[in-house]
1. With each pseudo-label sitting 7 Å past Cα toward Cβ, what's the A60-K145 distance in nm, one decimal?
2. For E53, E204, what's the largest-to-smallest order of accessible area, 1.4 Å probe?
3. Can you classify segment 16-112 as rounded, prolate or oblate using the Cα gyration tensor, where a ≥ b ≥ c are the square roots of its eigenvalues, rounded means a/c under 1.5, and otherwise it's prolate if a/b beats b/c and oblate if not?
4. Work from the charge dipole of the chain (Cβ charges, +1 for Lys and Arg, -1 for Asp and Glu, about the Cα centre) and give the residue of P118, A26, L173 farthest towards its positive end.
5. Rounded if a/c is under 1.5, else prolate if a/b beats b/c, else oblate: with a ≥ b ≥ c from the C-alpha gyration tensor eigenvalues square-rooted, which is segment 69-192?
6. If you find the alpha carbon centre of segment 41-66 and of segment 157-177, how far apart are they in angstrom?
7. Among Y183, Y123, Y82, which one shows the highest mean-square fluctuation when the chain is modelled as a Gaussian network with alpha-carbon springs under 10 Å?
8. Give the long-range amide H neighbours of A181: residues separated by 5 or more places, or on another chain, with amide H under 5 Å away, using H modelled in the peptide plane at 1.01 Å from N.
Amino acid sequence: SFVGNSMAVKTAKRIEYADPGPGLRAALPGMARAFGAHPEWSVRAFLKGHFPELYPDFEALGTPARQLAFETAVIWESTRQYRADCLSRLMEFSPLIAGDEGWLGAFPGCEGRFRRIPELSYYDELPGFYPLSEVNFNCTSLQMKGAVNQRVFDVPACGAFLLTDHRAQMERLFEPGREVAVYSEPGEIADMARHYLSAPAERERIARAARKRV
């Protein structure tokens, strides 16, 4: 299972507010993809260094609010692409996605291969949800380059197993392989999911060690 927002609607609203010109609007998907793969944290600095021909268009947005909306749209579109890519690797396992309706159009050709339920309450519903899933899957928002998100702590705190993406901060918090299951890039996801779905004793061992660490 995966718990999270598709970022599709949220990104569209940021683009609408920023109201960029045709050049920025057309470049945004590729810009977001490049930003997600780059270590730079600042969209503004990334845009200036890697898309200098479009930087005047960004400045022409005029107000700090519109510029911030465009920067946010780049980050969220980057996350949308990343999450859709990661979850597409799980379609053979018929995953359950708890999230917004944006997920319904995220996987063309995969209709019927995944299930979706509405977003869950963080405090009231998620603590009971995590232990019901054999493999809780996580892919971190790209607004956090290097940091882990709260799911890395929440899932084991509930006594459940988590498969998550590697972040630079990970080894300072958990011992990979013993206290947390980590994939380094999306191409590893399917094989790791397949392995852990068939290894309940190993899942239990890692979940127990992670809970002790938390």
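1. Here the modelled spin labels are 2.7 nm apart.
2. Result, largest first: E53, E204.
3. Taking the square roots of the gyration eigenvalues as a ≥ b ≥ c, segment 16-112 is prolate.
4. Of the listed residues, the answer is L173.
5. rounded
6. 35 Å
7. Y123
8. L162, T164
The values are calculated or read from the model by the stated rules, or taken from the named source; none is laboratory data. Everything numeric in this text was worked out from a predicted model, so none of it was measured. Backbone-built Cβ (ideal geometry, glycine too); neighbour counts: all protein chains shown. What goes into the accessible areas is simple: the full protein's heavy atoms, side chains included, and nothing from ligands, DNA or RNA. Shrake-Rupley method; radii C 1.70, N 1.55, O 1.52, S 1.80 Å.
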